[in-house]
Amino acid sequence: MSEYVTKDDLRQYSLMIIDEIRKLKPEIKKDDEVEWLKSHAAKKMLTMSAGSLQNLRVTGQVRFKKVLGSYYYNRADLQKLFTGN
(Lines give C-alpha, C1' and ligand atoms only; values in the text may rest on other atoms or scores of the structure.)
Protein backbone atom coordinates (compact mmCIF):
# COMPACT_ATOMS: atom_id res chain seq x y z
CA MET A 1 0.00 0.00 0.00
CA SER A 2 1.56 3.30 -1.09
CA GLU A 3 0.73 6.65 0.42
CA TYR A 4 0.23 9.63 -1.89
CA VAL A 5 1.21 13.18 -1.15
CA THR A 6 -1.45 15.65 -2.19
CA LYS A 7 -1.15 19.31 -3.08
CA ASP A 8 -2.93 20.15 0.14
CA ASP A 9 -0.33 18.18 2.12
CA LEU A 10 2.43 20.16 0.40
CA ARG A 11 0.70 23.49 1.12
CA GLN A 12 0.32 22.62 4.80
CA TYR A 13 3.95 21.52 5.00
CA SER A 14 5.18 24.70 3.31
CA LEU A 15 3.13 26.85 5.72
CA MET A 16 4.61 24.96 8.63
CA ILE A 17 8.15 25.52 7.31
CA ILE A 18 7.48 29.24 6.79
CA ASP A 19 6.20 29.55 10.37
CA GLU A 20 9.36 27.88 11.68
CA ILE A 21 11.60 30.18 9.64
CA ARG A 22 9.77 33.24 10.95
CA LYS A 23 10.38 32.04 14.50
CA LEU A 24 14.09 31.55 13.85
CA LYS A 25 14.95 34.69 11.90
CA PRO A 26 16.16 37.74 13.82
CA GLU A 27 14.14 40.89 13.66
CA ILE A 28 15.06 43.00 10.66
CA LYS A 29 16.16 46.52 11.53
CA LYS A 30 14.06 49.38 10.27
CA ASP A 31 15.65 51.86 7.88
CA ASP A 32 16.17 54.44 10.59
CA GLU A 33 18.00 51.91 12.79
CA VAL A 34 20.58 50.84 10.20
CA GLU A 35 24.02 52.18 11.10
CA TRP A 36 25.61 52.02 7.63
CA LEU A 37 23.85 53.12 4.43
CA LYS A 38 24.66 52.14 0.87
CA SER A 39 25.41 54.98 -1.51
CA HIS A 40 21.93 54.88 -3.03
CA ALA A 41 20.22 55.17 0.36
CA ALA A 42 22.57 57.97 1.45
CA LYS A 43 21.90 59.93 -1.75
CA LYS A 44 18.17 59.48 -1.28
CA MET A 45 18.28 60.50 2.39
CA LEU A 46 20.29 63.66 1.68
CA THR A 47 18.83 64.36 -1.78
CA MET A 48 22.26 64.82 -3.30
CA SER A 49 24.09 63.59 -6.35
CA ALA A 50 26.65 60.82 -6.46
CA GLY A 51 29.37 63.42 -7.08
CA SER A 52 28.47 65.38 -3.96
CA LEU A 53 28.51 62.21 -1.90
CA GLN A 54 31.87 61.29 -3.38
CA ASN A 55 33.18 64.75 -2.47
CA LEU A 56 32.15 64.21 1.18
CA ARG A 57 33.97 60.90 1.12
CA VAL A 58 37.16 62.21 -0.52
CA THR A 59 37.43 65.23 1.80
CA GLY A 60 37.03 62.98 4.84
CA GLN A 61 33.86 64.63 6.10
CA VAL A 62 32.06 61.31 6.55
CA ARG A 63 33.20 57.83 7.53
CA PHE A 64 32.76 55.17 4.89
CA LYS A 65 33.57 51.55 4.18
CA LYS A 66 34.11 49.93 0.83
CA VAL A 67 32.89 46.36 0.62
CA LEU A 68 33.13 44.48 -2.67
CA GLY A 69 32.94 47.67 -4.72
CA SER A 70 30.03 49.24 -2.81
CA TYR A 71 30.45 52.21 -0.52
CA TYR A 72 28.69 52.33 2.85
CA TYR A 73 28.31 55.59 4.77
CA ASN A 74 27.80 56.07 8.49
CA ARG A 75 24.26 57.36 9.11
CA ALA A 76 25.22 59.34 12.24
CA ASP A 77 28.00 61.18 10.37
CA LEU A 78 25.65 62.15 7.57
CA GLN A 79 23.03 63.40 9.99
CA LYS A 80 25.56 65.39 12.05
CA LEU A 81 27.04 66.95 8.95
CA PHE A 82 23.76 68.53 7.90
CA THR A 83 22.17 69.23 11.29
CA GLY A 84 25.23 70.97 12.69
CA ASN A 85 25.41 68.77 15.82
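Quick check: from the Cα gyration tensor, does the range 36-81 come out rounded (a/c under 1.5), prolate or oblate?
Numbers: a/c = 1.22, a/b = 1.16, b/c = 1.05.
Rounded.
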Notebook entry, point to check: How far is it, in nm, from the label point at residue 17 to the one at residue 5 when both lie 7 Å from their Cα along the line to the Cβ?
Noted result: 0.9 nm
Note to self: If I model a spin label at residue 59 and residue 77 as a point 7 Å from the Cα along the Cα→Cβ vector, what separation in nanometres do I get?
What the structure shows: 1.4 nm
Note to self: Suppose each label sits 7 Å from its Cα in the direction of the beta carbon; what would the residue 70-residue 41 distance come out to in nanometres?
What the structure shows: 0.9 nm
Margin query: Within 14 Å, Cβ to Cβ, of residue 16, how many net charges do the neighbouring residues add up to if Lys/Arg are +1 and Asp/Glu are -1?
Written below: -1
Check: Rounded to a whole number, what % of the accessible area of the range 36-81 do carbon and sulfur atoms account for, probe 1.4 Å?
Finding: 53 percent
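The values are calculated or read from the model by the stated rules, or taken from the named source; none is laboratory data. It should be emphasised that the depicted structure is a prediction, and the values quoted were computed from it without experimental measurement. Quick reminder, even Gly has a Cβ in these numbers, built from the backbone with ideal geometry, and neighbours come from all protein chains shown. In case anyone asks, the SASA skips ligands and DNA or RNA and just uses the protein heavy atoms, side chains included. Shrake-Rupley method; radii C 1.70, N 1.55, O 1.52, S 1.80 Å.
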